[in-house]
Amino acid sequence: MKWEATYRKAATGEWMLAAFMLVKILLQYVLIHPSYDLHRDEYLHLDQSQHLDWGFITVPPLTSWIAWIIRALGNDSFWVKFFPALFGAFTIFFAWKIVSALGGKLFPKLIVSLAILLSGILRLNILFQPNSFEVLSWTAFYYYLILYVQHKNPRTLYVLAVVLALSFLNKYNIIFLVAGLLPAMLTFADRSLLRSKHVLFAALLFMLMISPNILWQINNGIPFVKHMKELADTQLVNMSRVVFLKEQLLFFINSFFVLVIAAVGFIRFRAFRPYRFLFIGYLITILVYIWLRAKGYYSVGLYPVLLAFGAVYLEYLTERKIFLRIASAVVIILIFLPVFRLAFPYAPAEVLADRREVYRDLGLLRWEDGKDHQLPQDFADMLGWRELAYKTDSAFGLLKEKDQVLVLTDNYGQAGAVNYYTINRLHAVSFNADYLNWFPVQKQIRHVIRIMEIDEDDDDPLRTQEKSLCDTLILAGQVESKLAREYGTRIWVMKNVKASVWPVIRSEMEAHKK
């Protein structure tokens, strides 16, 4: 019977979606060689779970809530990798649903799933950072926006408000999506979409959900602005607009033809006419990113919806052309295979460093400092942390008054790695990032373990200042992993610090806060 055939097709589609999601999760566990540690950013987010609040200097609070769940589950690296993989799987889920909403059948669903599975999103999902949930939330937002365009159901507006609020509480980057989408909607969308009184009520729901974070920002001197200024001064200033555009291609190089087809579809395909404002919004946001010299991955969340549109139009163009449909899937798979060898730390760092000429030709060795190094920055950021933590534990063993030791580091990666890997339950702090607010200011300090980055311009290798604050200064070790970003970082033990050490630390804290 006809309904039975329809049911079987639907069931087959659901099983294939589940298979893609499962493969997505499993794949994230095999892309990183076991010789690598966690990434420096992951340590910071994991430590935020021990200081839950409505905001942080570096990010909004949602990542810390997920980190709290990870800690409750045992804080093992399995769970650290699981959640970004899960978010990636649900990105495929919502892209599949967008295709369904646009009337696409099984072929475009398979194409969009392949395009997302085998893309730069796979790279984002190997790390526990806000980026994975960001791409998911943007894709979900587009899905519900498309549903609202189609049905004008007021309840969909409230779902949109919740998704938008969660995205905001995850990463403020959502501001740029709205900055592009809102003028596009006002100019090119059906005006009746914004005339409903429920638009105002949904906006109020959004403001209510994000208000605790806004109040936190106000009460703490709006550190977001200071953080963005520091980011612009130290990192974005070194970003190239040409490199940004090149990275847009690299993220989806094997499915770029689907994005081109989407652009053509928005112009020529009548069925896409009600959604043209989405493409205009994308262009506006991209132009803003180019103007700001943004990092390439900031825009990744814009693409799953475009891939969905492209896949649907591709289905229309290849009707009764089975060969072209098969070729489309094969192209996505085959082009990704050489990309895999460049995009993931699947082999030991020494092996990848031997291929640095290939990385250099693609601009992948350029770090935030604007210089070329031996490994891509993300790979180097996953090396040397266990070594640093274990040597810090050894330095801690040299001291007698264990409860009167302060571990002070130069950056959040060092502090977070010590806290994650230590066997002595040390609680390192730093003048960097959120650790600035986590100093044990009431603690009596007798000894300090000072972890310091190596500085090629340092004219004081004997640490004169540190010597003046303690009776004995000992160099207890240093990071010897040459390919690590922390290579050369030194671990100093300051025994029997003088009473003047806390005023020095407090003065440094205030200087950094200002």
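The values are calculated or read from the model by the stated rules, or taken from the named source; none is laboratory data. Just so you know, these numbers come straight off a predicted model, no measurement behind them. Here the Cβ is made from the backbone with ideal geometry for all residues, glycine too, and neighbour counts use every protein chain on show. Heads up: the accessible areas ignore ligands, DNA and RNA and are worked out on the full protein's heavy atoms, side chains in. Shrake-Rupley method; radii C 1.70, N 1.55, O 1.52, S 1.80 Å.
Determine the sum of side-chain charges near P154: Lys and Arg each +1, Asp and Glu each -1, restricted to other residues whose C-beta is under 12 angstrom from that of P154. Taking every other residue near P154 into account, the sum is +4.
Using just the helices of the chain, give the 222 nm mean residue ellipticity in deg cm²/dmol: DSSP H runs with n ≥ 4 each add -39,500 (n - 2.57), and the total is spread over all residues, rounded to 500. Mean residue ellipticity at 222 nm (helix-derived): -19500 deg cm²/dmol.
Net length available on complete extension from K226 to K295 is 23.0 nm, with 0.36 nm assigned per residue and the Cα-Cα distance removed. In terms of packing, defined here as the mean over residues of other Cβ atoms within 10 angstrom, the peptides 370-377, 414-421 line up highest first as 414-421, 370-377. For the peptides 291-298, 336-343, residues were scored by their other Cβ atoms within 10 Å and the scores averaged per peptide; the highest-first order is 291-298, 336-343. On a per residue basis, the stretch 258-324 carries 46 Å² of accessible surface, using protein heavy atoms and a 1.4 Å probe. The residues packed around Y435, meaning those with a beta-carbon under 11 Å from its beta-carbon, carry a net charge of -3 if Lys and Arg are +1 and Asp and Glu are -1. With the cut-off at under 20 Å, measuring from each backbone N in the stretch 28-44 to a point 7 Å along the Cα-to-Cβ line of K482 picks out 35-37. Hey, what angle do you get for helix 241-251 against the long axis of the chain, alpha-carbon based, 0 to 90 degrees rounded to 10? With both axes taken from Cα atoms, the answer is about 70 degrees.
At full extension, N75 and T472 could sit 139.3 nm farther apart than now, given 0.36 nm per residue minus the alpha carbon distance.
Rounded to the nearest 0.05, what FRET efficiency do Q404 and R356 give with R0 = 41 Å and r taken as the Cβ-Cβ distance? Could you check? So, using R0 = 41 Å, E works out to roughly 0.35. Using only Cα atoms and rounding to the nearest 10 degrees, what angle (0 to 90) does helix 77-101 make with the longest principal axis of the chain? With both axes taken from Cα atoms, the answer is about 20 degrees. Inter-label distance, A263 to N496: 7.1 nm, where each label sits 7 Å from its Cα along the C-beta direction. Translational diffusion of the stretch 35-102 was estimated from the Stokes-Einstein equation, with Rh taken as the Kirkwood radius over Cα pairs; at 25 °C and 0.890 mPa s the coefficient is 183 µm²/s. Between D53 and L26, the simple spin-label model (points 7 angstrom out along Cα→Cβ) gives 4.3 nm. By the gyration tensor of its Cα atoms, with a ≥ b ≥ c the square roots of the eigenvalues, what is the shape of the stretch 287-403: rounded for a/c under 1.5, prolate for a/b over b/c, or oblate? It is prolate, given that a/c is not under 1.5 and a/b is the larger ratio. Using a 1.4 angstrom probe on heavy atoms only, work out the carbon and sulfur share of the accessible area of the stretch 104-233 in %. Here it works out to 71 percent. In the context of the full set of protein chains, residues of the stretch 138-217 present 46 Å² of accessible surface per residue (probe radius 1.4 Å, heavy atoms only). Ordered from longest to shortest, the equivalent ellipsoid semi-axes for the stretch 373-514 are 23, 16, 16 Å, each the square root of 5 times a Cα gyration tensor eigenvalue.
Taking a ≥ b ≥ c as the square roots of the eigenvalues of the Cα gyration tensor, an a/c ratio of 1.5 or more together with a/b no larger than b/c marks the stretch 129-277 as oblate. Ordering P304, P60, F336 by Cα displacement along the dipole of the chain toward the positive end leaves P304 in first place; charges were set at the Cβ atoms of Lys, Arg (+1) and Asp, Glu (-1).
Contour minus end-to-end for M16 and S35, with contour as 0.36 nm per residue of separation and end-to-end as the Cα-Cα distance?
3.5 nm is the gain from fully extending M16 to S35.
Applying 1/(1 + (r/R0)^6) with r as the Cβ-Cβ distance of L182 and R276 and R0 = 22 angstrom yields a FRET efficiency of 0.90. Computed from Cα positions, the angle between helix 303-317 and the longest principal axis of the chain comes to roughly 20 degrees. Stokes-Einstein diffusion for the chain, with the hydrodynamic radius set to the Kirkwood value over Cα pairs and evaluated at 25 °C in a medium of 0.890 mPa s, equals 99 µm²/s.
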